[in-house]
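Single-structure report; data block below.
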Amino acid sequence: MKLPHKTYIIAILVCCFISHKAISQSRAILTGNVSDQFGNLPGAKVSIEGMDLQTTTDINGNYLLEVEEGEYVVTAGFVMYNSLSKSVTIKVGETINNDFVLRTGFSMDQPISIGSRGKPRSLLENTVPIDIISPQDISNSSQVELSHILHYLIPSFHATNQTIADGTDHIDPASLRGLGPDQVLVLINGKRRHNSSLLNVNGTIGRGTVGTDFNAIPIAAIERIEVLRDGAASQYGSDAIAGVINIILKTQTDVIDVNNRVGITTAGDGFTTYSSANFGLKIGNRGFVNVTAEYRDKESVNRAGDYTGTVYVEDPIEDQQLILQNNFFGQTGYDNHRVMEIGSAETQNLSLMINGEIAMSDNATFYLLGGRNYREGKTAGFYRFPKDLDLIVPELFPNGFSPELLTDIQDDAVTGGIRGIKNGWDVDFSHAIGTNSLDFTVNNSNNASLGVASPSTFYVGGFEYQQNTTNLDISRTFDWLDGVNIAFGGELRVENYQIKAGEEDSYINGGSTYISDSGEELSRVAGAQVFPGFQPENELNRFRTNTSGYMDIEANLTQKLVVKAAARYGVYNDFDGQAIWKLSGRYAVTKGLSFRTGFSTGFRAPSLHQVFFQNISTQFINGESIRVGTFNNESAVATEAFKIEKLKPELSNHFSAGISSKINENFTFTFDYYLVDIKDRIVLSGRFAEGYEDLLAPFNVGAAQFFTNAIDSRTSGADAAIVFKTNLGIGKFDTTLGINITNTKVVGGIKVSPSLVGQEDVLFNREEIGRVESGQPTYKMNSMISYEFNKFRIQMGNTFFGDVTYVHPDDGDQANWVVNEYNGLIETRDQTFSSKLVTDMAISYQINDFVKCTVGGNNIFNVYPDKHTHAANTSDGNFLYSRRVQQFGVNGANYYLRLLLRL
């Protein structure tokens, strides 16, 4: 007989209840709390040895696991804490409580996923030098951008805000060990991260290179960061010449972290608002999803000097009368006589990121990670004065104008894959898609050649870069000798680079003219100021593929001796194949003392940007504006007029040797020496103008530049790190000290094509050589001291930046030297900016289990770089500080209040 509808539903519910009770009664429950000496540890991992069963603790540090009857080893762990295991025997229906009190450990003790394709090894066991930034380092950092966190925690890492550098104002060039931004590989959860679409073409560190936009990755999503300071191209692929930065995302569940912060500089600008939220959810017994949202709003910082040049006419007496008559300095919108905005740019940033996985079976897991970042930025260009009749339309801007460059940057990434075990082999198959686009809008400007018909706002075009990466990685550990791991796999990467044209008014030549002081009718400059828009003939859409295969063998020859060998062969569709390799080893003298060494070769193909980028920009040289055309390697200008050869890949050799030691439970240290030789480095040339006027006239530019393999370089240096931890009085005392010393030299002369012999100093002049050799600090020291007691934490960080040197392109000629009228000393435009010590301080108070409050300050002693000593370098007083070489920016002291909620 058919059951009535309601009765049918009740029967099902009763059956489900009975089934659930039966299952529950056949199982047992393990529960407990994980804490340290100061309280609960939310997000700690609790797992059962030999089983794919784990969980994380909730906000109160509690955990719960359902198991079958039996004997188990339960392990509790937390990053930067020593794991603790306990044995337990449990019967059906029982509930057993196991609490864990963990002790803090060293980064040297933590298993590291990078540097080895076998079982994760600690730093003491590894054959390469690796830095670890722990969750505590990240959460306690006084910075709100990832590039700056790394800048102040890793001595060999350099990234700071740039100024008056167009799009580079909004994407910080970042480098490792003094090399280029494009010579460090970035991974997220071990998977290759895509590069930015922006090519740095202005006079900043990393000129002519493409890097990764670190600040598109929300810091609230990061669990820890591993920095491999060694050549690793044979292990991880092209670009890993200086090293690899692997960002590990959070996996925590049952905890909601909410972080809010506000801060401002002592000068009253640079007001910053930061908010983030991170939470995780369990999916079944072995799955999770972790979600992060982050918002960052940063106002601009202005450290421009008072303008001392003329405004309306070249005659200073007449000009002063016009300045007073028109109240010019009251029109600029800045205090005193500042007419420009020089410092760090205004940005608004919104990020979303997810990280998750779910078990498909006992031997297979599906994982997914990705996110979206959107950033709006606003920065200023050089002021266009009323006297510059070729650049402005007086009817529209009688007092000239400060042009604004607005950027819209969108960064999207998603990676999905399956990892598991097949016939005893660990298999990982994944596909990643990453896209970065950047669009430019010029505001408060004009196209002078259009006259009074010129608009004041222009869309001037943009870039887009996309990377598709497919990976297959297979590995297995055999019980040969004391353990041998064999790994092999392949990678297919498809890249796409696009340049998008701007609106017609942003580049068109409208034919407007003006009458010069000599009565001559001259043409006004075409295109929008800051720079003219990309023209339709600049548009392009180029693809490239790269296929590579690798093999990696790691052998424990004895319990003390580990040897690793790796080889990779890669082929680009536009370059020949290249084989590279690496050999490294580690010998344990004692349980706490190891020596390591390695030698590797590297390979980096020119980026698509370097091969195809082309545009026209307005550059200011010694106060004079000039239109410069960048011509790519496909153009007739580069190949026929200048006879520039097709770009070749950069090849490198990397040697390293080091020592790591754990003296006792309180003290560790590491020391590493490195030597990196790079052949055929790709650089952006200097500006070719004199003698090429007729050639460049059809392009309406006054100079030309292009990419070429112009130099070889040698970089040598050393890294050292000391960590000391102890219980002191009523609390815990931690201190770390890291030091990097690096020296880069251009060796072997400048390489030029036969048609340019004799023009080596134009192709790559002394300023560009100086940028490579001394544009970054030759040494940097980072220290961090903290003391935790009761509910308080006091932290002090010190960063000692070595000197940097600006080298003027023409100052090699003594005719350019001047005598200071006050002291009679000879002055050159070359200048070394002395070393500086920057101190950060923070005090935190744990109000209760859910709320933590922090008051802190960055650069609390308000330290600035040295000011320019040669008046000509200030561009009529505008630039008090160098914009060509940077140690730590020009923000000065800033203070903040942070509130962290754990729910």
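Within region 422-433, which residues are more than 20 Å from the chain's Cα centre (by Cα) and either assigned to a strand (DSSP E or B) or surrounded by 17 or more Cβ atoms within 10 Å (Cβ to Cβ) (or both)?
Step one: list which residues in region 422-433 are more than 20 Å from the chain's Cα centre (by Cα), which gives 422-431.
Selection gives K422, W425, D426, V427, D428, F429, S430, H431.
Taking the numbered list (1) among the small types (G, A, S); (2) more than 19 Å from N444 (Cα to Cα); (3) free of Cβ contacts under 8 Å to residues at least 12 places away in the same chain in turn, G330 passes all entries but (2).
Here region 537-552 is the region considered, the condition is being of a type outside the set (D, E) and without any contact (Cβ under 8 Å) to a residue 60 or more places away in the chain, and the residue that is nearest to G115 (Cα to Cα) is T547.
With respect to the conditions (1) modelled with pLDDT of 95 or more; (2) closer than 16 Å to G462 by Cβ, F488 falls short on a single one, namely (2). Going by what's in this entry, would Y367 be described as surrounded by fewer than 16 Cβ atoms within 10 Å (Cβ to Cβ) and in a strand (DSSP E or B)? When the stated conditions are applied, Y367 does not pass them.
Considering only residues in region 568-591 that are over 22 Å from E554 (Cβ atoms) and outside any strand (DSSP E or B), the one that is modelled with the highest pLDDT turns out to be N573. Set side by side, the residues F385, F329, F401 differ, and just one is aromatic (F, W, Y), assigned by TED's automatic domain parsing to the domain that holds H194 and out of contact with any Gly (no Cβ under 6 Å at 6 or more places or on another chain), which is F401. The condition of being modelled with pLDDT of 90 or more and under 30 Å from P155 (Cα atoms) holds for only one of S875, S882, that being S882. Looking at this structure, is V562 buried (at least 18 other Cβ atoms within 10 Å of the Cβ), within 30 Å of L389 (Cβ to Cβ) and in contact with a strand residue (DSSP E or B) (Cβ under 7 Å, 6 or more places away or on another chain)? So V562 does not fit the description; no. Among the residues here, N436 does not qualify as touching a residue at least 24 places away in the same chain (Cβ under 8 Å), in a loop (DSSP other than H, G, I, E, B) and more than 22 Å from N278 (Cβ to Cβ).
Of the numbered criteria (1) aliphatic (A, V, I, L, M); (2) surrounded by fewer than 16 Cβ atoms within 10 Å (Cβ to Cβ); (3) touching a strand residue (DSSP E or B) at 6+ places or on another chain (Cβ under 9 Å); (4) over 30 Å from F789 (Cα atoms), the one V746 fails is (2). The criterion of being crowded, with 20+ Cβ neighbours inside 10 Å, more than 30 Å from N873 (Cα to Cα) and touching a Pro at 6+ places or on another chain (Cβ under 7 Å) holds for E294.
Only one of T715, T735 is surrounded by fewer than 20 Cβ atoms within 10 Å (Cβ to Cβ), among the hydroxyl-bearing types (S, T, Y), in a strand (DSSP E or B) and in the same structural domain as N765 (by TED's automatic domain parsing). Can you tell me which?
The unique qualifying residue is T735.
The condition of being in contact with a helix residue (DSSP H, G or I) (Cβ under 7 Å, 6 or more places away or on another chain), in the same structural domain as S402 (by TED's automatic domain parsing), β-branched (V, I, T) and crowded, with 16+ Cβ neighbours inside 10 Å does not hold for T265.
Specify the residue that is surrounded by the fewest Cβ atoms within 10 Å (Cβ to Cβ); the eligible residues are those in region 749-784 that are of a type in the set (V, I, T) and more than 25 Å from the chain's Cα centre (by Cα).
Step one: list which residues in region 749-784 are of a type in the set (V, I, T), which gives 750, 752, 757, 762, 769, 772, 778.
Then keep just the ones that are more than 25 Å from the chain's Cα centre (by Cα); that gives 750, 752, 757, 762.
Details: I750: 21, V752: 20, V757: 8, V762: 19.
Ranking the qualifying residues of region 749-784, first place goes to V757.
Counting only residues that are of a type in the set (D, E) and either at pLDDT below 95 or outside the structural domain of L438 (by TED's automatic domain parsing) (or both), region 358-382 holds 1 of them.
Which one of Q498, Q529 is modelled with pLDDT under 95, farther than 17 Å from S116 by Cα, in the same structural domain as D408 (by TED's automatic domain parsing) and under 30 Å from the mean Cα position of the chain (by Cα)?
Testing whether each residue is modelled with pLDDT under 95, farther than 17 Å from S116 by Cα, in the same structural domain as D408 (by TED's automatic domain parsing) and under 30 Å from the mean Cα position of the chain (by Cα) leaves just Q529.
If the condition is being in a strand (DSSP E or B), surrounded by fewer than 18 Cβ atoms within 10 Å (Cβ to Cβ) and not charged (D, E, K, R), then region 278-288 contributes L281, I283, G287. Does region 658-667 include one or more residues that are β-branched (V, I, T) and assigned to a strand (DSSP E or B)? Within region 658-667, one or more residues are β-branched (V, I, T) and assigned to a strand (DSSP E or B). M353 meets the conditions (1) surrounded by fewer than 18 Cβ atoms within 10 Å (Cβ to Cβ); (2) in contact with a helix residue (DSSP H, G or I) (Cβ under 6 Å, 6 or more places away or on another chain) in every case but one. The failed one is (1).
The single residue among S197, S234 that is touching a strand residue (DSSP E or B) at 6+ places or on another chain (Cβ under 6 Å), closer than 30 Å to I616 by Cα, touching a residue at least 60 places away in the same chain (Cβ under 8 Å) and surrounded by 24 or more Cβ atoms within 10 Å (Cβ to Cβ) turns out to be S197. Scoring P111 on the criteria (1) outside the structural domain of L406 (by TED's automatic domain parsing); (2) touching a residue at least 12 places away in the same chain (Cβ under 8 Å) leaves a single failure, condition (2).
Taking each residue of region 166-193 that is farther than 22 Å from I769 by Cα and looking for partners that are in a loop (DSSP other than H, G, I, E, B) and of a type outside the set (S, T, N, Q) with beta-carbon atoms closer than 6 Å, six or more apart or interchain, yields G167/L198; D169/A345; H170/A345; I171/L198; I171/D213; L185/D239; L185/A240; V186/R193.
Residue check: is R419 surrounded by fewer than 18 Cβ atoms within 10 Å (Cβ to Cβ), in contact with a Phe, Trp or Tyr (Cβ under 6 Å, 6 or more places away or on another chain), of a type in the set (K, R) and in the same structural domain as I392 (by TED's automatic domain parsing)? No; evaluated as a whole, the condition is false for this residue. Taken over region 502-519, the criterion of being assigned to a helix (DSSP H, G or I) and surrounded by 15 or more Cβ atoms within 10 Å (Cβ to Cβ) is satisfied by D505, S506. As a summary of the residue check, V210 satisfies the conditions (1) of a type in the set (V, I, T); (2) within 27 Å of N355 (Cα to Cα); (3) touching a Gly at 6+ places or on another chain (Cβ under 7 Å) except for the one numbered (3).
Across region 374-396, which residue is farthest from E318 (Cα to Cα) among those that are more than 37 Å from the chain's Cα centre (by Cα) and surrounded by fewer than 21 Cβ atoms within 10 Å (Cβ to Cβ)?
Within region 374-396, the match that is farthest from E318 (Cα to Cα) is L396.
Of a type in the set (F, W, Y), modelled with pLDDT under 90 and either closer than 30 Å to F440 by Cβ or outside the structural domain of V571 (by TED's automatic domain parsing) (or both): is that true of F612 in this structure? No; evaluated as a whole, the condition is false for this residue.
The values are calculated or read from the model by the stated rules, or taken from the named source; none is laboratory data. Nothing here was measured: the structure is a model prediction, and the numbers come from that model. Every residue, glycine as well, gets a Cβ built from its backbone with ideal geometry; the counts of neighbours run over all protein chains shown.
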